[in-house]
Amino acid sequence: MLKYLVLIVFIGIFAILIRRDRVYIIPMILIIYSNINGLLGWEDFAMQGFIKFQDYGLLITFALLFLGLFALNKTDEGYESVVRKMPLYNMINIYWAYYFALFIFSIFAMGSVIWPVKMGRVFFYGIIFYLVYRELRSDPIVRFEKILNCLMYATILFGLCYIAYNTLGLDIYPKGAYESLEIGGAADDVKRNFSGFPMFAYYFIFVFTNRLIEGIGNKFINAAGLATLMLCVLLMLTRGTLILTVLMVIFLVMYRRPTLKNIKRLGLLIVLLAIVIVLIPYVAEGHYLAMVRRFEEFSGTGLTGARNFDVRTREFSQILKNVLDFDPLFGFGFTLASAFGYTSFQYHGGSADNGYSNLLGVTGFVGLGIFLMVITTWFIVNIRLQALKVEEFSKVNFVFIIFMLGAFMNGASMSYMHTYVLFMTYDLLAYSFYMHKSKINSTLSFNANSSNFA
């Protein structure tokens with residue numbers, strides 16, 4: 001019953017939003033990719049077990065891109081000539097050309113299209129880049145903000161659901177707990193569930209932090225949103241990501257010129273985080289004790305002696321060995337690794353616990369190198385956009401890029417382009433838009449001065 005209610009509400013909300021502005025098709029697809037943030041299972045509303053629920057987002061994307069080929073009103077926004085010259089834009093095109101070539105290779109290697117589709121589907125969710133590009137290009141700043149606000153409220157809602165699951169024991173996620181931790185004493189056992197964790201929680205932690213420091217938007221929403229999502233991070237019980245998130249929040253606060261107002265707002269932020277930390281033992285005693293015990297493991301064995309470190313080190317070594325033996329350049333592609341006699345931690349040749357080994361196993365050293373070039377060119381565009389000092393989002397995106405590269409060590413989710421494509425596309429279009437605008441203004445100013453001189 002719950003799955004039907006979730007789907008009906010979801011469709012109803014976005015039917016209204018899309019009638020107002022077509023740009024809302026982007027957050028709709030991204031939320032579909034999240035299985036409406038864990039409230040639906042992969043097999044819910046599936047077709048013959050072959051098309052999973054998430055895949056509807058990919059089918060909608062392909063359908064809209066195909067229909068766009070026949071659009072009668074194909075306008076060029078003027079600044080797109082700047083975009084097409086950008087190394088980031090060209091690297092993204094190379095990235096997708098490589099993935100499609102790898103997909104064809106995988107079909108020939110497996111002698112079938114079924115397994116390449118099953119193994120490659122999540123990697124291709126990021127093709128939404130071309131749809132995001134099309135929807136943002138008319139006014140990248142305003143339209144990006146519309147998408148961001150939509151995702152912001154959705155992320156807060158999913159965060160509240162996740163807190164209710166962990167603190168009240170509401171069994172709302174069809175995917176079972178990843179593991180159950182025995183606490184003992186009066187505290188109940190703690191269930192760790194990753195499927196319901198808000199997909200864009202980390203990004204909006206940085207957004208809310210930035211807005212509190214800069215005094216942007218509604219203070220209550222910013223404070224409540226930050227507290228909600230930080231609590232979600234704590235409840236997930238992932239030590240490395242928790243440490244990285246806190247460090248990046250501190251870095252974001254320091255990554256600006258200090259002013260008296262900013263110092264006061266920083267004090268408010270510290271008080272807010274302190275309140276969250278103090279309340280945790282009362283609202284989630286089991287999670288608090290579980291997190292303490294997980295950190296105590298470091299004191300006894302050190303970082304390199306921790307069980308997770310050992311497991312992931314062995315996993316990376318196995319993937320590297322497999323790739324070097326099978327095909328170091330192109331990896332296993334979107335094939336079933338066991339079909340070629342290799343032991344793998346996933347059906348494909350990659351990993352769920354490390355983004356670098358995931359890309360290495362599936363796309364080889366060539367694919368990993370292309371990915372790193374995409375991120376490098378994005379980083380350069382972001383720095384240049386920040387230097388213009390004309391908008392507020394690039395600083396948050398900058399911190400998110402650094403966070404993303406660090407989070408790779410603790411999970412593979414960020415190795416899929418759909419998790420960051422919106423922010424990358426914004427930086428690309430916003431920088432090109434302002435550079436083009438600057439050139440036009442300079443030309444007009446030069447012509448005006450020339451006329452006065454004449």
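The values are calculated or read from the model by the stated rules, or taken from the named source; none is laboratory data. Model, not experiment: these values are computed from the prediction. Cβ placement follows ideal geometry from the backbone for every residue including glycine, while neighbour counts extend to all protein chains displayed. Accessible surface areas use protein heavy atoms only, side chains included; no ligands, DNA or RNA. Shrake-Rupley method; radii C 1.70, N 1.55, O 1.52, S 1.80 Å.
A few points about this structure:
- Accessible surface ranking that places the most exposed of 232, 150 first, with a 1.4 angstrom probe: 150, 232
- Each stretch of four or more DSSP H residues adds -39500 (n - 2.57); spread over every residue of the chain, this sum gives -23000 deg cm²/dmol at 222 nm.
- Solvent exposure ordering (accessible area, 1.4 Å, most first) of 82, 366, 323: 366, 82, 323
- Which of 236, 1 is most accessible, then next, and so on - probe 1.4 Å: 1, 236
- Considering only 216, 162, 246, the residue lying farthest towards the positive end of the dipole of the stretch 139-300 is 216, judged by Cα position with unit charges set on Cβ.
- Amide H partners (placed H, <5 Å) of residue 334, local residues excluded: 106
- Extension reserve of the residue 45-residue 3 stretch, reckoned as 0.36 nm per residue once the Cα distance is removed: 14.2 nm
- Per-residue extension of 0.36 nm, minus the Cα-Cα distance of residue 178 and residue 438, leaves a gain of 88.5 nm for this segment.
- Portion, in percent, of the accessible area of the chain that falls on carbon or sulfur, probe 1.4 Å: 66
- Put simply, when 400-411, 421-432, 23-34, 106-117 are sorted by average Cβ atoms within 10 angstrom per residue, most first, you get 421-432, 23-34, 400-411, 106-117.
- About the centre of its Cα atoms, the stretch 1-122 shows a dipole size close to 20 debye [charges on the beta carbon of Lys, Arg (+1) and Asp, Glu (-1) only; nearest 20 debye].
- Among the protein heavy atoms, those of residue 437 account for about 100 Å² of accessible surface (1.4 Å probe, every chain in place).
- Kyte-Doolittle at least -0.5, axis length at least 18 Å by Cα - qualifying DSSP helices, the chain: 2-20, 55-68, 87-110, 140-168, 201-214, 219-236, 239-254, 260-283, 355-388, 393-407, 421-453
- Dipole check for the chain: with +1 at the C-beta of Lys and Arg, -1 at the C-beta of Asp and Glu, and the Cα centre as origin, the magnitude is about 1200 Debye.
- Net lengthening on full extension, residue 279/residue 84 (0.36 nm per residue, minus Cα-Cα): 65.1 nm
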